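Derivation of every value follows stated rules applied to the coordinates shown; laboratory data play no part. Quantities reported herein were computed from a predicted structural model and do not represent experimental measurements. Note that each Cβ is placed from the backbone with ideal geometry, even for glycine, and that neighbours are counted across all protein chains shown.
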């Protein structure tokens, strides 16, 4: 280590016992960077967690892609198609597809005592994946359509509360069509997905055979097929594959196309994160520029001395960069500990709750990913590196004679 390097390290040691006006500024800079990084990490974790939870609820309820016969009818009912389509096996064999199942819809009116409510019956068959509704089951049991007499249904707690029903109760279902039909149904269980207004308040799960009989369909007729994909981010490409496999007579719609308002709302959350990160980055930039300028101005005499001893602007700039990065890394370390620690606590205990009616979730979700954390940290270092170039230009402007004449 040569003399200029040695003197630089001594005079710029922010932890030295020498009284310095820059010390409070350095502490504030560390705290600012820590809080800023904490805010950025938590913003991304919460928004991605929120988007992931809502998306998994919607797709769990309605699948990722809906495949049905082309029809100009805009009602809840579809044109019947045979369950044994040649393309079903082709679609299920796609590596991008996780599961395919049949479905059918039928609008009707439920009546229990003096209460009535319009709903949509969703008919499901033996190929239906019950994993989502099993996780949302509140009381009772899932209907067993293999052994039942087609009169069991899975009702939401929202509809049950509206009709003042409970598990095991019976009610009447009125089908509004040319030959008006009435069926008596029994509640096997109650579920709560948290999507009360858009889904829980509307849909009731029943046996596909019930809708076949009401619609006078054949025993193998269905309304369409629901497709679950392995990677939701790739849903548009998979939808194209499904459409090509099914043929031009069928319409493949993604869940984003069926419920655009839900996903547009989720996209707005991304905009909020961008705004938050931009503001925090701007504040952090001003803090770091101010801190480094104070360090440079406070040590301007020492910089003049170093230049007189032969130190170059690059050497002095490098020394100040080392000090600046020490501040940045300390702040980032504290920020990561706070953010990840809070995220882990929230994920396990759910200490911060939400109104499920307004946000579709009962607690604030967090999505902890190593790649996301690394990306934000690397981005922070990169931006700080660019920002630090601004105050370092001041070093080259410091003249030895003007500085040392005041010693």
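Distance between the pseudo-spin-label points of residue 357 and residue 258 (7 Å out from Cα toward the beta carbon): 2.7 nm.
For the range 81-237, relative contact order (Cα pairs under 8 Å, six or more residues apart, normalised by length) works out to 34 percent.
Considering only Cα atoms, the convex hull volume of the range 81-120 works out to 97 Å³ per residue. Highest mean first, the peptides 175-182, 133-140 sorted by other C-beta atoms within 10 Å per residue fall in the order 133-140, 175-182. Note on the chain: helix-only mean residue ellipticity at 222 nm, from DSSP H runs of 4+ residues weighted -39500 (n - 2.57) and normalised by residue number, equals -17500 deg cm²/dmol.
The ratio of the alpha-carbon radius of gyration of the range 271-404 to the globular-protein estimate 2.2 N^0.38 Å is 1.48. For the chain, the equivalent ellipsoid derived from the Cα gyration tensor has semi-axes of 66, 22, 15 Å, listed largest first.
Distance from the Cα centre of the range 99-155 to that of the range 206-278, in angstrom? For the range 99-155 versus the range 206-278, the Cα centre distance is 19 Å.
Once the chain from residue 237 to residue 219 is taken as fully extended at 0.36 nm per residue, the excess over their C-alpha distance is 3.2 nm. Against the empirical 2.2 N^0.38 Å (N residues), the range 112-209 has a Cα radius of gyration ratio of 1.02. Looking at the chain, the DSSP beta bridges with both ends there are about 80 percent antiparallel.
Expressed as a whole number of Å, what is the distance separating the alpha-carbon centroids of the range 354-373 and the range 284-339? Cα centroid to Cα centroid, the span is 38 Å.
Here the extension length gained between residue 116 and residue 283 equals 54.5 nm, from 0.36 nm per residue of separation less the Cα-Cα distance.
For the range 337-395, the equivalent ellipsoid derived from the Cα gyration tensor has semi-axes of 37, 13, 10 Å, listed largest first. Put a dot 7 Å past the Cα of residue 265, heading toward its Cβ, do the same for residue 347, and the two dots end up 2.6 nm apart.
Arranged from highest to lowest average of other beta-carbon atoms within 10 Å per residue, in what order do the peptides 236-249, 263-276 appear?
236-249, 263-276
Bridge orientation summary for the range 71-248: considering DSSP beta bridges with both residues in this region, about 75 percent are antiparallel. Along each principal axis, taking the top coordinate minus the bottom one, the Cα set of the range 210-255 gives 38, 21, 14 Å in descending order.
In whole Å, what three semi-axes, largest first, describe the equivalent ellipsoid of the range 49-104 built from its Cα gyration tensor (square root of 5 times each eigenvalue)?
24, 18, 8
Can you classify the range 167-248 as rounded, prolate or oblate using the Cα gyration tensor, where a ≥ b ≥ c are the square roots of its eigenvalues, rounded means a/c under 1.5, and otherwise it's prolate if a/b beats b/c and oblate if not? Oblate shape, in that a/c is at least 1.5 and b/c is the bigger or equal ratio. Report, in degrees rounded to the nearest 10, the 0 to 90 angle that the Cα long axis of helix 22-62 makes with the longest principal axis of the chain. Here the helix axis deviates by roughly 10 degrees. Computed log10 I(q)/I(0) for the range 71-248 at 0.08, 0.13, 0.15, 0.19 Å⁻¹: -0.27, -0.70, -0.92, -1.34, from the Debye equation with unit scatterers placed on every C-alpha and solvent omitted.
Pairwise inverse Cα distances across the range 297-355, averaged and inverted, put the Kirkwood hydrodynamic radius at 14.9 Å. Taking 15 Å as the cut-off, the amide N atoms of the range 193-219 that come nearer than this to a point 7 Å along the Cα-to-beta-carbon line of residue 82 belong to 218-219.
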